[in-house]
Each structure stands twice: as C-alpha cells, then as structure tokens.
Amino acid sequence: MDRIVVEGGIPLHGAVRISGSKNAALPIFAATLIAGGEYHITNAPALRDVATIIRLLAELGVLIEKQSTGAYRVDTLQAQGYEATYDMVKTMRASCLVLGPLLARFGRAKVSMPGGCAIGERPIDQHLKGLAALGAQINLDHGYVEVVAPGGLKGTRITMDLVTVTGVMNIMMAATRARGLTVIENAAREPEVVALARFLNSMGARITGAGTTEIKVEGVEELHPTDVEVIPDRIEAGTYLVAGAITGGQVALEDVNIEHLANIVDKLRECGCQIVENGTGVSLKAPSQIRPVNVNTSPYPGFPTDMQAQIMALLTLAGGASVIVENIFENRFMHVAELRRMGADITVTGSTATVRGVKGLSGAPLMATDLRASASLVLAGLAASGRSTIARVYHLDRGYEKMEEKLKALGAVVYREKE
C-alpha cells in the first residue's frame with residue numbers, strides 16, 4: 001500500500017492544468033448503455049473510479065478501447081448484461097448509475113445495494129422512488145435491487161424529497177425513453193447534471209431545465225451514439241487554488257470553467273486571496289495572512305461539501321476563528337482528528353466545527369479516511385513545517401489525477417512510497 005510524503009513550508013508557484021471531472025465522466029460512461037453503438041469520450045480523467053466504471057461496462061458486454069490520454073472509444077452495440085455486482089458497487093457507489101440506462105434500454109436492471117460510506121449514509125431510496133414513479137417494479141432481495149419495467153416506462157411528475165445528484169441523473173437517463181413527459185422537481189442543479197443533460201440531448205433526448213430545480217424530459221423512441229468532452233473538475237480546481245493559498249504562493253489554473261468555481265472563488269476572496277479570472281484560466285495570489293471566514297456547505301450553487309475539508313485546512317492558519325457547518329454528510333469531519341495532530345485548533349459540536357487559526361502546523365504521520373479528507377491532509381502537509389506522511393492514499397487516487405506530479409510542477413516536494 002502506498003503513502004504520500006510531503007515536505008512542507010514551500011510556497012507554490014506556477015501553472016497547472018485541471019483534469020476532466022470524475023463526477024461528470026462516470027454518468028456519461030453509464031449513459032452510453034442507453035443506445036447501442038460507438039461513442040468517443042475525451043478528457044476523461046485517469047482515476048480509480050473511472051477505471052471501475054470501465055470494468056463494470058466491460059462486464060455488461062461493452063467494448064472499450066483507450067485511444068490516447070483521456071480518450072476512449074466505447075462500443076455498446078453488443079451490451080447485453082444487466083447486473084452490477086457487489087464486487088463493483090462496494091468499491092464505488094456510483095456504479096448504481098447504470099440503473100437508469102439499463103432500465104431505459106433493456107427494461108430491467110439489477111444492482112447490488114450500496115451501503116453507507118466513510119462520510120455517512122448515502123441510500124438510493126430517491127433513485128428507486130423516481131424509477132417506481134415511472135412505472136418500474138422494484139424488488140429487493142439478498143442485498144440486490146432489481147428494477148423491471150416489462151411494459152416500458154411512462155412519464156410522470158416526480159418531486160425529490162431531498163437534493164440528490166446521482167438520483168436525478170438516474171431518473172433523467174431512464175426518462176429519456178419513457179412515454180410522454182417527465183417532470184423532476186427539487187432537482188439537483190450541479191454542473192455535472194447539466195453536462196449529462198447536454199450529452200443526452202446530443203444523443204437525441206429532449207431535456208430542458210437542467211441547472212434549475214425543475215427538469216423536464218420528453219421521452220423519445222430512440223437515441224443514438226455521439227461524441228462528448230468531459231467538463232473540467234471544479235473540485236480539483238478548488239483544491240489547487242487552496243494549495244496556492246495555504247502555502248502563501250501564487251498559482252494559475254488552466255482549462256477551468258469559471259462559472260462552476262464561483263462559490264469557491266468567492267470564499268477564497270473573503271479569505272483575502274487575490275483572484276484573477278481570464279477566459280478558461282484563473283490565477284490566485286495568497287495574502288500575507290489568511291482571514292477567517294464562515295462556511296456553510298449546501299447543494300450547488302452553494303459551497304460544495306466536497307471542498308469542506310480543504311477549506312478547513314486553510315482556515316487552520318487564519319488570523320482568527322472560523323465556523324464551518326456541514327449540512328450534507330453527517331460524518332464528514334473525520335479529517336479533524338488528523339489536523340489536530342498537526343497542531344490545528346478545531347472544536348466540533350454536531351455538524352459545526354469551530355476553527356481557531358494557529359501560527360503554524362507541524363508535519364506528522366497522518367491517516368486518510370476518505371477522498372476529500374486525503375486532499376485536505378496533503379494541503380496541510382504542504383503548509384506545515386517538516387515532513388508529513390499520509391497513509392491510505394488509495395482514497396486520493398479515486399478523485400485526483402497525478403496529484404504528486406501536478407504539485408511538483410508547482411514547486412512542492414512531494415512523492416509516493418510504499419508503506
């Protein structure tokens with residue numbers, strides 16, 4: 001098992017290219033199941049989760065060829081399986097994204113029920129509620145959910161009980177082949193939902209309202225294969241902006257969508273960072289002293305829960321006290337104990353963390369608990385005095401492409417070694 005070693009105390013300077021979005025790539029790969037034929041996907045990040053969805057599609061009979069860095073030819077013409085096994089779903093909950101596409105094309109799907117994960121319970125009840133409203137029969141047995149629609153799907157009005165990105169994606173994909181109009185209310189507004197809707201529309205779907213709280217899907221008889229470029233990863237971009245800020249450096253990001261970063265950029269400006277936006281690029285210059293800010297995580301366009309751990313690492317060095325309220329996941333403060341080991345002053349009460357800035361952090365042996373916690377510990381290690389080692393970095397490999405290489409290009413001393 002690998003670990004990452006970070007020698008801290010070096011301000012980062014330079015430019016880094018942002019990779020394609022994991023959370024946009026996964027549903028796009030899954031959506032290719034809806035219509036048989038040849039697709040070309042570009043700007044897909046080289047991540048463990050992307051490799052997992054590729055293996056899952058291969059098990060379902062899909063032929064996938066990697067043509068170049070980030071470019072894949074996906075042929076779903078011979079796809080015939082309809083089951084996502086436990087071995088796949090246990091390593092990546094997003095495997096359940098094949099539910100909607102398989103139901104739309106074959107009228108049935110069988111997926112191992114995902115359990116909770118490190119950051120909290122994440123059930124798929126909203127997925128199943130929506131698919132049932134479309135006319136699917138739901139059967140839960142021996143840890144699997146089987147969804148069958150022998151008579152096809154029929155459009156309807158669906159009100160989500162809570163905002164769920166993957167739930168809306170599954171329902172939206174299934175509804176593309178339903179008879180009539182489907183209206184999804186209280187829909188997630190995330191850029192990844194919009195990216196999927198655009199991809200489906202390029203396949204011949206009729207989807208309007210993506211990016212708002214009401215999405216309308218007019219079912220069509222057939223869809224067709226097409227090509228797609230994966231959007232930039234806004235969370236990776238936010239992470240590297242924080243890397244520049246926490247080290248007192250100056251970094252420039254290339255290939256980003258500025259609109260998707262608005263909530264992150266606004267908060268970093270509150271912290272005192274100078275940020276300049278320029279087309280598909282953005283640059284950050286850190287202040288001499290980070291200012292404390294308050295953060296409330298919420299669904300897009302609010303501050304993303306996937307950036308909560310990273311902003312907390314930054315605020316450990318602010319000149320005063322900050323308050324962070326985590327409104328999405330109940331267990332997403334597990335990085336707090338590790339940051340404390342580095343000298344951070346953080347108090348947690350329920351879903352609220354009070355972060356009192358300290359003059360400096362000290363390098364320490366650290367243990368990552370989830371994907372974004374891993375990133376926060378690397379960031380803290382970059383700013384700390386001395387050496388930090390972060391174990392269990394397989395979490396990091398799920399969501400950050402070539403992180404060590406990108407940090408080295410910015411001047412960091414960071415490397416990977418066997419534990």
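Yes/no per residue for (1) of a type in the set (Gly, Ala, Ser); (2) farther than 26 Å from Gly14 by Cβ; (3) in contact with a Pro (Cβ under 8 Å, 6 or more places away or on another chain):
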site: Thr349; (1), (2), (3): no, yes, no
site: Thr369; (1), (2), (3): no, yes, no
site: Ala373; (1), (2), (3): yes, no, no
site: Arg387; (1), (2), (3): no, no, no
site: Ile390; (1), (2), (3): no, no, no
site: Asp397; (1), (2), (3): no, no, no
site: Lys406; (1), (2), (3): no, no, no
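Residue pairs whose Cβ atoms lie under 8 Å apart, sitting 6 or more positions apart in sequence or on different chains, and linking a residue in the range 156-170 that is not assigned by TED's automatic domain parsing to the domain that holds Ala210 to a partner that is loosely packed, with under 13 Cβ neighbours inside 10 Å, do not occur here.
Would you point out the residue of the range 182-201, among those that are without any contact (Cβ under 8 Å) to a residue 40 or more places away in the chain and either among the charged types (D, E, K, R) or touching a Phe, Trp or Tyr at 6+ places or on another chain (Cβ under 6 Å) (or both), that is farthest from Gly130 (Cα to Cα)? My answer is Arg198. Within the range 15-52, being in contact (Cβ under 8 Å) with a residue 40 or more places away in the chain, of a type in the set (A, V, I, L, M) and assigned to a helix (DSSP H, G or I) holds for Ala24, Ala25, Leu26, Ile28, Ala30, Ala31.
Listed here are the residues, each with its yes/no results for (1) under 24 Å from the mean Cα position of the chain (by Cα); (2) buried (at least 19 other Cβ atoms within 10 Å of the Cβ).
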| residue | (1), (2) |
| --- | --- |
| Ala188 | yes, yes |
| Pro191 | yes, yes |
| Val194 | yes, yes |
| Ala197 | yes, yes |
| Ser202 | yes, no |
| Arg206 | no, no |
| Thr212 | yes, no |
| Gly219 | no, yes |
| Asp227 | yes, no |
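Only a single item in (1) more than 28 Å from Tyr415 (Cα to Cα); (2) of a type outside the set (Asp, Glu); (3) surrounded by fewer than 18 Cβ atoms within 10 Å (Cβ to Cβ) is not met by Tyr39, and it is number (3). Restricting the search to the range 235-286, which residues are polar (S, T, N, Q), modelled with pLDDT of 95 or more, closer than 26 Å to Ala195 by Cβ and not in a helix (DSSP H, G or I)? The answer is Asn257, Ser283.
The values are calculated or read from the model by the stated rules, or taken from the named source; none is laboratory data. None of the values given here were measured: they were computed from a predicted structure. Cβ coordinates were reconstructed from backbone atoms using ideal geometry, including for glycine residues, and neighbour counts include every protein chain displayed.
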